[in-house]
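The values are calculated or read from the model by the stated rules, or taken from the named source; none is laboratory data. Small disclaimer: the values here were computed from a predicted structure and weren't measured. Note that we place each Cβ from the backbone using ideal geometry, even for glycine, and neighbour counts take in every protein chain shown.
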Amino acid sequence: MKTTIIDPQTVVESKDQLDYRAELPPDESGNMAAVSVRGLTVSYGERPVLRSVSFDVNSGQIVGVVGPNGAGKSTLLRAILGLIPLDAGSITLSGKPISQCRNRVAYVPQTEAVDWDFPVTVQDVVLMGRYGRLGLFGRPKHADRSAAEEALELVGMTEYAHRHIRQLSGGQQQRVFLARALCQDADILLLDEPFAGVDAATEQTIFNLITKLAAQGKTLIVVNHDLSVLDRFDIILLLNQQVVAFGPTNQAVNDRNLHRTYGGRLTLLDRADSALRDNRGDS
């Protein structure tokens with residue numbers, strides 16, 4: 001096995017992907033990585049989905065996970081959450097397995113993966129972020145309800161608190177699940193395609209919030225399908241079952257790495273790369 005050590009300003013591209021590892025050093029406080037993935041291999045039946053994936057993410061970083069359909073992006077989040085068995089490898093959160101620190105991790109699922117017929121209001125959904133603190137039979141207290149109200153205010157959904165969740169638009173539903181994650185007050189947030197199907201206002205709200213959370217020292221790993229906004233992430237993980245590249249966005253995202261990640265989808269990639277160059281020119 002090879003181990004490649006990089007600093008936060010260096011991009012690593014996989015040379016031998018089956019043996020690829022990328023490590024970031026401890027953060028400025030000397031703490032170990034907030035999320036450390038080592039040799040992660042996952043399969044569904046006989047079909048491999050992730051192969052020997054390794055990377056480290058420090059506190060306060062926003063990582064965009066990018067790749068084609070079937071690349072294993074959502075599987076990676078489920079593996080970090082401890083929801084699926086691993087064929088090989090390990091995942092630790094500040095040096096601990098997820099079983100010892102589950103409350104430290106919040107998850108914002110894809111809206112299409114949610115049963116919208118379940119009879120709950122917006123406020124009920126947000127309060128679910130407190131259940132890890134309350135225990136199985138605990139009842140929300142005033143402090144829990146106040147936290148839920150504050151989270152709804154942050155995402156601009158206070159006036160919808162008593163509506164059924166299925167009565168909301170896709171963008172509004174995504175805001176509610178983000179509010180649930182905020183209410184949990186987790187240190188690590190995993191967001192699975194939070195910008196899919198949302199309007200421009202919701203997209204901007206989400207970006208503003210994740211930027212604010214990162215400034216507070218939170219760690220965010222975001223699965224993203226929109227290549228035109230990659231410059232808004234600190235670090236990009238280009239993934240296609242294996243790690244293609246991992247590093248600062250302006251170094252990891254280039255024609256060579258995008259083509260290695262997506263194969264022959266040239267029109268889309270050329271448009272995305274052009275948008276990234278334009279954004280860099282404006283800054």
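When the test is whether a residue is among the small types (Gly, Ala, Ser) and modelled with pLDDT under 90, Gly171 passes it. When Asn58 is tested against (1) within 11 Å of the chain's Cα centre (by Cα); (2) under 23 Å from Thr249 (Cβ atoms), only condition (1) is not met. On inspection, Leu239 does not qualify as crowded, with 20+ Cβ neighbours inside 10 Å and over 27 Å from Arg104 (Cβ atoms).
Flag: Ala143 does not match the condition of being in contact with a Leu (Cβ under 7 Å, 6 or more places away or on another chain) and not basic (Lys, Arg). On inspection, Leu168 fails the criterion of being in contact (Cβ under 8 Å) with a residue 40 or more places away in the chain, touching a strand residue (DSSP E or B) at 6+ places or on another chain (Cβ under 8 Å) and either within 18 Å of Ala106 (Cβ to Cβ) or surrounded by 14 or more Cβ atoms within 10 Å (Cβ to Cβ) (or both). Against the conditions (1) aliphatic (A, V, I, L, M); (2) modelled with pLDDT under 90; (3) out of contact with any strand residue (DSSP E or B) (no Cβ under 9 Å at 6 or more places or on another chain), Leu227 satisfies every one except (3). Reported count of residues in the stretch 195-210, each being under 24 Å from Asp185 (Cβ atoms), of a type outside the set (A, V, I, L, M) and surrounded by 14 or more Cβ atoms within 10 Å (Cβ to Cβ), is 5. Touching a His at 6+ places or on another chain (Cβ under 8 Å) and either in contact (Cβ under 8 Å) with a residue 60 or more places away in the chain or not aromatic (Phe, Trp, Tyr) (or both): does that describe Glu193? Here the answer is yes, as Glu193 does meet what is asked.
Kindly check whether there is at least one residue in the stretch 16-31 that is under 22 Å from Asp226 (Cβ atoms), surrounded by fewer than 21 Cβ atoms within 10 Å (Cβ to Cβ) and either among the small types (Gly, Ala, Ser) or at pLDDT 90 or above (or both). There is no residue in the stretch 16-31 that is under 22 Å from Asp226 (Cβ atoms), surrounded by fewer than 21 Cβ atoms within 10 Å (Cβ to Cβ) and either among the small types (Gly, Ala, Ser) or at pLDDT 90 or above (or both).
Looking across Arg47, Arg51, one residue alone is surrounded by 21 or more Cβ atoms within 10 Å (Cβ to Cβ) and either of a type in the set (D, E, K, R) or without any contact (Cβ under 8 Å) to a residue 24 or more places away in the chain (or both). It is Arg51. Once the stretch 202-242 is narrowed to residues that are over 19 Å from Gly72 (Cβ atoms) and polar (S, T, N, Q), the residue that is nearest to the chain's Cα centre (by Cα) is Thr219. Scanning the stretch 172-190 for residues that are out of contact with any strand residue (DSSP E or B) (no Cβ under 8 Å at 6 or more places or on another chain) and either without any contact (Cβ under 8 Å) to a residue 24 or more places away in the chain or closer than 22 Å to Pro119 by Cβ (or both) gives Gln172, Gln173, Arg175, Val176, Ala179, Cys183.
For the stretch 136-146, the condition of being within 13 Å of Leu178 (Cβ to Cβ) and either modelled with pLDDT under 90 or of a type outside the set (Val, Ile, Thr) (or both) holds for none of the residues.
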